[in-house]
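Below you'll find the structure, written out as structure tokens, and then a few comments.
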Amino acid sequence: MRHTRLAALLGALLLAPMLAWAQAAPGPTLAAVRAKGVLDCSTSLGTPGFSAPDSQGVYRGLDPDSCRAVAAAIFGDGSRVRFTPLAGPQRLPAVQSGQVDVGAQTLTWSQSRDTANGLNFPAITFYDGQSFLVRRSAGLQRAADLAGATICTVSGTTSELNLADWARTNNLQYQHVVFERNDEARRAYESGRCDSYSTDASVLAAARSGFPTPGDHVILPDRISKEPLALAVRHGDEQWTDIVRWTIYALIEAEELGVTQANAEAMLASPNPAIRRLLGVSGDHGPNMGLDRRWAYNAIRAVGNYGEMYDRNIGPDTPIGLPRGINALWNRGGLMYAPPIR
């Protein structure tokens, strides 16, 4: 009897990994992505630092790199992404309809988008807030100084709604000019059609970097909203939400642990248990989501850790020139925090 029980116990232990893998069979989205051999991501029509084509037509920025990380986690190849550039009003329907697998174009996570629009926002990639771009020569110091001004923004965005709320709350009158695309609003401001351009402060910094004399323009210190930017996926496929969520968290965890694009290979030999779990040397964290054990290793090798992505696209040494601020790691005074991979 004792031998029978021992054999049953050993059999259960041997079967457990197989059962765990069976529980992580590809869900509908992962199966569809694998079948077509490419990850479909939306991208903006041109927001430098966050999503814009380079001189070769290759999309660069924090959002495209996030998509490349997800592609690498799935395929082991960060280049297997197909980008669909969309205007603001088209972003949410593209995710809802399945036109794209991931929405990646400075999307703000809000309650209505999460619930009424049927979207999930797996992980925040950038903490932001809405502000105002004005000409230095205007001598404006605060947003309240914009009373009676003409302010440009983009339709179908939280910026349009935030602007109306802010004006109503402060009993402030202004002339509102709405455009379908960020580049249209930027050009209208640059040409003098608008006294101010209002959207996320990071987008304003990106717009300013492309002006002939960026120093002639100032981003006011006011922040009239909270804008947690995140990738978006459809409701109804928890495995897919997990894959996107934990890929972003893996990049954040990699920065905290000192794992980079350059040293990831060497780090496979690290004795640090957290690094070994992250890189798939130990544990079944990839198979738990239907992925290879090296899912996070592949993502890091494709785009680097979160800090590398940030510095390459929007950091202090880029034309955008954004300091980390609240987007620093939690142990460096910021809000970037990844739950443990264990």
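The values are calculated or read from the model by the stated rules, or taken from the named source; none is laboratory data. In this text, all values refer to a predicted model and were calculated from it rather than measured experimentally. Methodologically, a virtual Cβ is constructed for each residue, glycine included, from the backbone with ideal geometry; neighbour enumeration extends over all protein chains shown. Ligands, DNA and RNA are excluded from the accessible area calculation, which covers all protein heavy atoms including side chains. Shrake-Rupley method; radii C 1.70, N 1.55, O 1.52, S 1.80 Å.
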Cβ contacts < 6 Å: first residue in a helix (DSSP H, G or I), restricted to the range 107-121; second residue open to solvent by less than 60 Å² (accessible area, probe 1.4 Å), any location; separation 6+ or different chain. Result? R113/L119
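Listed here are the residues, each with its yes/no results for (1) outside any loop (DSSP other than H, G, I, E, B); (2) touching a helix residue (DSSP H, G or I) at 6+ places or on another chain (Cβ under 7 Å); (3) open to solvent by 70 Å² or more (accessible area, probe 1.4 Å); (4) at pLDDT 95 or above.
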site: A12; (1), (2), (3), (4): yes, no, no, no
site: A16; (1), (2), (3), (4): yes, no, no, no
site: G49; (1), (2), (3), (4): no, yes, no, no
site: D65; (1), (2), (3), (4): yes, yes, no, yes
site: V70; (1), (2), (3), (4): yes, yes, no, yes
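Search the range 72-88 for residues being part of a strand (DSSP E or B) and either touching a helix residue (DSSP H, G or I) at 6+ places or on another chain (Cβ under 8 Å) or of a type in the set (V, I, T) (or both), and hand back the single one that is nearest to R294 (Cα to Cα). Steps first, please.
Restricting attention to the range 72-88, the residues satisfying the condition of being part of a strand (DSSP E or B) are 81-85.
Next, from what is left, pick out any that are either touching a helix residue (DSSP H, G or I) at 6+ places or on another chain (Cβ under 8 Å) or of a type in the set (V, I, T) (or both): 81, 83-84.
Working: V81: 19, F83: 25, T84: 28 Å.
So, considering only residues that are part of a strand (DSSP E or B) and either touching a helix residue (DSSP H, G or I) at 6+ places or on another chain (Cβ under 8 Å) or of a type in the set (V, I, T) (or both), the one nearest to R294 (Cα to Cα) is V81.
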Considering only the range 52-63, state which residues are touching a helix residue (DSSP H, G or I) at 6+ places or on another chain (Cβ under 9 Å) and at positive phi. G61
Report those helices (runs of 4 or more DSSP H) wholly inside the range 226-310 carrying at least 1 residues which are touching a strand residue (DSSP E or B) at 6+ places or on another chain (Cβ under 7 Å) and open to solvent by 20 Å² or more (accessible area, probe 1.4 Å). 238-257
Give the range 18-43 a look and list any residue that's open to solvent by less than 10 Å² (accessible area, probe 1.4 Å) and either at pLDDT below 95 or part of a helix (DSSP H, G or I) (or both), or say none. A24, L30, V33, T43
What single numbered condition from (1) within 22 Å of L119 (Cβ to Cβ); (2) out of contact with any helix residue (DSSP H, G or I) (no Cβ under 8 Å at 6 or more places or on another chain) fails to hold for W240? (2)
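Taking the conditions exactly as written (assigned to a loop (DSSP other than H, G, I, E, B), open to solvent by 40 Å² or more (accessible area, probe 1.4 Å), in contact (Cβ under 8 Å) with a residue 12 or more places away in the chain and within 25 Å of L92 (Cα to Cα)), does R223 satisfy them or not? Don't jump to the end; show me each part of the working.
Details: assigned to a loop (DSSP other than H, G, I, E, B): yes; open to solvent by 40 Å² or more (accessible area, probe 1.4 Å): yes; in contact (Cβ under 8 Å) with a residue 12 or more places away in the chain: yes; within 25 Å of L92 (Cα to Cα): yes.
Yes: the conditions hold for R223.
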Please determine, by comparing only the residues of the range 152-165 that are within 10 Å of V178 (Cβ to Cβ) and among the aliphatic types (A, V, I, L, M), which one is modelled with the lowest pLDDT. V154
Among the residues of the range 311-337, what is the count of those that are over 14 Å from the mean Cα position of the chain (by Cα), buried (at least 16 other Cβ atoms within 10 Å of the Cβ), in contact (Cβ under 8 Å) with a residue 40 or more places away in the chain and not in a helix (DSSP H, G or I)? 4
Criterion first (at pLDDT 85 or above, part of a loop (DSSP other than H, G, I, E, B) and surrounded by 11 or more Cβ atoms within 10 Å (Cβ to Cβ)) does V100 satisfy it? yes
Checked against (1) touching a Leu at 6+ places or on another chain (Cβ under 9 Å); (2) under 29 Å from P287 (Cα atoms); (3) open to solvent by less than 50 Å² (accessible area, probe 1.4 Å), G76 satisfies every condition except (1)
